[in-house]
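What follows is a short report on a single structure.
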Amino acid sequence: MDPAGLIDKIFQAVINIDFGRKGMATDGEEHNGRIHYENGIYTALSAFKEAQTSADTQTIILVELAFLQQELQFCHETDTDTKSSLAQAIQSFEDALRSLEAVEDAAMYQGAEKTWPTIPKYRIQSFPKDAFHLACIAHRTRLRNVLRASGINMIEKAVLNQRAANMTTAQSKYIEKQKNAMFADNH
């Protein structure tokens, strides 16, 4: 599926999840809410799996970004901790997309690479630990922290695990792009 189709699938998933959560918290609407919630979770899981299968770094990041933006939209206005965390994640993925754009231009990336320290804490497999890597690392940590919380059901854990796996896939594919950019012949 194309990125636009996956993003639309994510929008529908988050809408169903939100509607379902509200229904489960309303007397008499629990059953209907549960159905919408589960449909949303399974739709999201399907979209995240499709994004990973595409092995396209931009698609993976765009799908995750769309999910985060939708979560922020439906976040309760008084939930400032969650809103702050989501806003930070969104900003980091927007920065990751900028890195992805730069790595596609070998000459630009080769020049930018020289601005990164060569000590290991600033490198991944000898390549710069740039905004793309930082976004994936931070988000994987965020997802793993949520997975440790009690009370999360197994279908939601499956979505969280898939999203974390997508970050690993995205980083792996991004390293390939870094390698291609660094060893491209620009003559």
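Remarks
- Hey, Glu104 touching a residue at least 12 places away in the same chain (Cβ under 8 Å) and over 17 Å from Ser172 (Cα atoms) or not: no
- When we screen Ile155, Ile124, Ile175 for residues that are touching a residue at least 12 places away in the same chain (Cβ under 8 Å), touching a strand residue (DSSP E or B) at 6+ places or on another chain (Cβ under 7 Å) and of a type in the set (Val, Ile, Thr), the only hit is Ile175.
- Single unsatisfied condition, Thr78 versus (1) under 17 Å from Phe183 (Cα atoms); (2) exposed (fewer than 13 other Cβ atoms within 10 Å of the Cβ): (1)
- Of the set (1) at negative phi; (2) modelled with pLDDT under 95, all apply to Leu160 but (2).
- Candidates in region 11-66 are the residues that are in a loop (DSSP other than H, G, I, E, B) and under 23 Å from Ala138 (Cα atoms); of these, the one that is most open to solvent (accessible area, probe 1.4 Å) is Asp56.
- Test: residue in region 168-180 that is under 28 Å from Glu38 (Cα atoms), surrounded by 13 or more Cβ atoms within 10 Å (Cβ to Cβ) and touching a helix residue (DSSP H, G or I) at 6+ places or on another chain (Cβ under 6 Å): yes
- Flag for Glu94 being under 18 Å from Ala66 (Cβ atoms), touching a residue at least 12 places away in the same chain (Cβ under 8 Å) and open to solvent by 40 Å² or more (accessible area, probe 1.4 Å): yes
- Under the condition of being of a type outside the set (A, V, I, L, M), surrounded by 13 or more Cβ atoms within 10 Å (Cβ to Cβ) and over 23 Å from Ile90 (Cβ atoms), the residues counted in region 123-156 number 2.
- Note on region 1-10: among residues that are open to solvent by less than 70 Å² (accessible area, probe 1.4 Å) and touching a residue at least 24 places away in the same chain (Cβ under 8 Å), the one that is nearest to Phe74 (Cα to Cα) is Ile10.
- Within region 67-86, considering residues that are of a type in the set (A, V, I, L, M, F, W, C) and assigned to a helix (DSSP H, G or I), the one farthest from the chain's Cα centre (by Cα): Phe74
- From the options Glu30, Glu94, Glu101, Glu64, residue that is within 11 Å of the chain's Cα centre (by Cα), more than 19 Å from Asn145 (Cβ to Cβ) and among the charged types (D, E, K, R): Glu94
The values are calculated or read from the model by the stated rules, or taken from the named source; none is laboratory data. Every value quoted in this text rests on a predicted model; they were computed, and no experiment measured them. Methodologically, a virtual Cβ is constructed for each residue, glycine included, from the backbone with ideal geometry; neighbour enumeration extends over all protein chains shown. We work out accessible area using only protein heavy atoms, side chains counted, and drop any ligands, DNA or RNA first. Shrake-Rupley method; radii C 1.70, N 1.55, O 1.52, S 1.80 Å.
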